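The values are calculated or read from the model by the stated rules, or taken from the named source; none is laboratory data. Bear in mind that the values here come from a model prediction, so they are computed numbers and not experimental data. No Cβ is skipped: glycine too gets one built from the backbone with ideal geometry, and neighbour counts run over all protein chains shown. These accessible areas exclude ligands, DNA and RNA; they are computed on the full protein's heavy atoms, side chains included. Shrake-Rupley method; radii C 1.70, N 1.55, O 1.52, S 1.80 Å.
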Amino acid sequence: MNLRNLTVVEHPLIKHKLTIMRSKDTGPKEFRELLKEITQLLTYEATRNLPTIKVEIETPIQHTIGEMVEDKKITIVPILRAGLGMMDGILSLVPNASIGFLGIYRDPESLKPVEYYLKFPPFSENHYVFIVDPMLATGFSIRYAIKKVKEFGVKNIIVMSLLAAPEGVKNIEEEYPDVKIFTAALDEKLNDHAYIIPGLGDAGDRLFRTK
Ligand code: URA
């Protein structure tokens, strides 16, 4: 399968942390901490092509020109609720980003996304939006989120997930070939209930201890 828009961020630390997360014996405290840490490592790669602007500063020795990211033009959109588990990881590296919330649940019959909450900040020209959801399974929720963000005129959209299934990546790529996806691992496939195999179970339940 040729997945052109996907970057699997390969790193021994990511593999190590992800293996602990996958284990059914890992509890919520460690699960949350590891999701934050892996998100930080993903963010490093996913932000690599952000533009910088030149700024004049004085060092203790002399005047110089530095480069900075325009963080007021960056918005993180966690898909509620599991996406919240990735929010602090990005914010620790891009602390002035704005946050846009999008609540979507998956209809258990059709597996299609149903929106129940949307609150986006104003987007400026050349805005960058990072949509985050730990589990890119069927891809329908993320596709829906991309559609919503595009309706506000945003052109630069990046998706970050912890795990991805090939079916979901393909689904997004077919509709939005311009959107880049960064993930920590591309798993084998989806099972009949649209869970990622081998996966790590229900990310929301493990994050928020709801089972
Ligand atoms: N959502 C999850 O939390 N886990 C999966 O495996 C798929 C979707």
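Hey, could you pull the Cα Rg and Dmax for the chain, both in Å?
Here Rg and the maximum Cα pair distance are 17.5, 66 Å.
Rounded to the nearest 5, what % of the DSSP beta bridges within the chain are antiparallel ones? Walk me through the intermediate numbers first.
Numbers: 15 of 40 bridges.
Percentage antiparallel, nearest 5: 40.
What FRET efficiency do you get for N191 and D107 if R0 is 22 Å and r is their Cβ-Cβ distance, rounded to the nearest 0.05?
Values: r = 18 Å, r/R0 = 0.80.
It comes out at approximately 0.80.
Obtain the nm distance between the two label points defined at N49 and K170 by a simple spin-label model: each point lies 7 Å from its Cα along the Cα-to-C-beta direction.
Placing both labels 7 Å beyond Cα along the Cβ direction yields 2.4 nm.
For I53, what is the net charge nearby, where nearby means another residue's Cβ is under 15 Å from its Cβ and Lys, Arg count +1, Asp, Glu -1?
Values: positive: K54, K72, K73; negative: E56, E67, E70, D71, E125.
Net of charged neighbours comes to -2.
Please give the per residue accessible area of the chain, computed with a probe of 1.4 Å over protein heavy atoms only, in Å².
Working: 11330 Å² over 211 residues.
On a per-residue basis, 54 Å².
Grab the Cα-Cα distance for Q62 and D178, subtract it from 0.36 nm times how many residues apart they are, and report the gain in nm with one decimal.
On the way: separation 116, 0.36 × 116 = 41.76 nm, distance 4.23 nm.
In short, 37.5 nm is gained.
Note down the relative contact order for region 130-211 as a percent, whole number, built from C-alpha pairs under 8 angstrom at least six residues apart.
Working: 130 pairs, mean separation 25.0, N = 82.
The normalised contact order for region 130-211 reaches 30 percent.
Given points 7 Å out from each Cα along the Cα-Cβ axis, report the L3 to D202 separation in nanometres with one decimal.
2.4 nm
Using a ≥ b ≥ c from the Cα gyration tensor of region 150-211 (square roots of the eigenvalues), is it rounded, prolate or oblate, where a/c under 1.5 gives rounded and otherwise the larger of a/b and b/c decides, a/b for prolate?
Numbers: a/c = 2.34, a/b = 1.58, b/c = 1.48.
It is prolate, given that a/c is not under 1.5 and a/b is the larger ratio.
Give a quick list of trypsin sites (Lys or Arg not before Pro) in region 1-97 that DSSP marks as loop, anything other than H, G, I, E or B, with at most 11 other Cβ atoms within 10 Å.
Details: sites: R4, K15, K17, R22, K24, K29, R32, K36, R48, K54, K72, K73, R81; in loops: R4, K24, R48, R81.
For trypsin sites (Lys or Arg not before Pro) across region 1-97 that sit outside H, G, I, E and B with at most 11 neighbouring Cβ atoms in 10 Å, the list reads R4, K24, R48.
Suppose each label sits 7 Å from its Cα in the direction of the beta carbon; what would the F152-Y116 distance come out to in nanometres?
2.1 nm
Starting from the Cα of K170, draw a straight line to each of the lysines and keep only those under 27 Å, dropping any in the same chain fewer than 8 residues away.
Filter leaves K15, K17, K36, K112, K147, K148, K150, K155, K180, K189.
Of all accessible surface on region 2-86 at a 1.4 Å probe, what whole percent is carbon and sulfur? Before the final figure, lay out the partial values.
Numbers: 2870 of 5230 Å².
After summing per-atom areas, the C and S share lands at 55 percent.
Which whole-number percentage describes the relative contact order of the chain, with Cα contacts under 8 Å and a sequence gap of 6 or more? Spell out each step's value before the answer.
Working: 403 pairs, mean separation 49.5, N = 211.
It rounds to 23 percent for the chain.
Just the number: Rg to Rh for region 102-211, Cα atoms, Kirkwood Rh, two decimals.
Computed over Cα atoms, the ratio is 0.96.
For region 131-211, run through the chymotrypsin sites (Phe, Trp or Tyr not before Pro) and keep only the ones in DSSP coil with at most 11 other Cβ atoms within 10 Å of their Cβ. Kindly include the intermediate steps, with their values, before the conclusion.
Numbers: sites: F140, Y144, F152, F182, Y195, F208; in loops: F152, Y195.
Answer in residue order: no site qualifies.
Could you work out how far helix 140-151 tilts from the main Cα principal axis of the chain, as a 0 to 90 degree angle to the nearest 10?
30 degrees
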